[in-house]
């Protein structure tokens, strides 16, 4: 599958929507403190870029595209009912009728140039999506059909900004909020958890080749990477709602319809006003996995060795655990692995979950200075870069195998190429 160039005419829409480029292109990651571009030699750049890639892999596979298509049809019908009364059957409107093609187009464009992307300290969330308040001046995306729409005019950055939390510890959270317990845990945030795991791998292996069997730190890295990827996929559900609003061409940037949320899909009575709002990210997770991704708890800390799925059965919360082997199988061949299908099929009930085979607690106390090979978050790298990373500089990751290799052995940054 290779990157292809397309003409600017509307006839190229179908071709673009069916042709997935490899890697990530025109990628920028900004920091907000200070306000500058993140150097690709910074380990956080490789971690975030890999998580973005795997989030797209999750959505590109059959289960992911099916979930986006179903979500998109619900959103599209709501837009048509509000703004196009001339359509007695909303399913006949091009936005709904051509949803499969629009889903493909949405994903292709994200690989060609991702959303605005930044890392920032905000310890109350793992990631946060900020949708635009207004349409980009001078741009009219209105989609009618693939014969009249110009696919090159749309830029995913017009869909808003995705922030990844860069703090070390999140806000204290209740262990069992449904039981109103006073016990709290401190949540190490996913990006920092991945940095810690990477440092532990540096310290453990040095210049040696990793063992055939994953070490505790390697398993920790993969588990945290899958969680961050799932979080980003969730946020891309919100961006998809804005994308469809742009494609519809209506007068507003739409909020998610109130009947589209995890609570609405599962028939769960809303606990508060937030539960009464539309939530495209939660709805996408439900359509993907049948539940919400979470992490386990151990001795008062978030336990990154255990990923679980929060599902609702008859309105009651149930927990199912995601086995280590499933995570290993995904990262062995991510582009060929149906993650959504495997999670629905192979998660295990709470009372069947085996004791974790390794301890995440050995990693959580490790300071960033623990590895002499890591200084200012930078590691040895074959990255092509320029001093200072000037504003406007964009990079591409052309080699998907390099991303897969990085997750298996994150002691070198993912090689990037500067965009000219």
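Values in this text are rule-based calculations from the coordinates and carry no lab data. This is a predicted model, so every value here is computed, not measured. Using ideal geometry, Cβ is built from the backbone for each residue, glycine included, and neighbour counts are taken over all protein chains shown.
How much length would be gained if the chain were fully extended between residue 97 and residue 136, taking 0.36 nm per residue of separation minus their Cα-Cα distance, in nm to one decimal? If you can, show how the numbers build up before the last one.
Details: separation 39, 0.36 × 39 = 14.04 nm, distance 2.57 nm.
Extra length available between residue 97 and residue 136 comes to 11.5 nm.
Could you work out how far the C-alpha centroid of the range 130-150 sits from that of the range 18-39, in angstrom?
Measuring centre to centre over Cα atoms gives 22 Å.
Evaluate the distance, in nm, between pseudo-label points positioned 7 Å from the Cα of residue 401 and of residue 204 along their respective Cα→Cβ axes.
With each label point 7 Å from Cα toward Cβ, the separation is 2.5 nm.
Ranking 413, 159 by Cβ neighbours within 10 Å, fewest first, what do you get? Provide the component values of the computation, followed by the final result.
Details: 413 25, 159 28.
By the 10 Å Cβ count, ascending, the order reads 413, 159.
For the range 323-339 and the range 401-420, compute the distance between their C-alpha centroids and round to whole Å.
That distance is 19 Å.
Take residue 153 and residue 125, extend 7 Å from each Cα along the Cα→Cβ direction, and tell me the distance between the two endpoints in nm.
Each label point lies 7 Å from its Cα, and together they span 3.0 nm.
Mind sorting 149, 331 by how few other Cβ atoms lie within 10 Å of their own Cβ, fewest first? Working shown, then result.
Values: 149 22, 331 19.
Least crowded to most crowded, the residues run 331, 149.
The range 213-253 to the range 80-102: how many Å between their Cα centroids?
So the two Cα centres are separated by 26 Å.
Ranking 419, 279 by Cβ neighbours within 10 Å, fewest first, what do you get? Could you put the intermediate results ahead of the total?
On the way: 419 14, 279 24.
Taking fewest neighbouring Cβ atoms as first place, the list is 419, 279.
Give, in nm to one decimal, the length gained when the segment between residue 310 and residue 212 is fully stretched (0.36 nm per residue of separation minus the Cα-Cα distance).
On the way: separation 98, 0.36 × 98 = 35.28 nm, distance 3.23 nm.
Computed gain between residue 310 and residue 212 is 32.0 nm.
Can you pull the one-decimal nm distance between simple spin-label points at residue 393 and residue 81, each 7 Å off the Cα toward Cβ?
5.0
Please give the length that would be gained between residue 88 and residue 318 if that part of the chain were fully extended, namely 0.36 nm times their separation in residues minus their C-alpha to C-alpha distance (nm, one decimal).
Length gained between residue 88 and residue 318: 78.8 nm.
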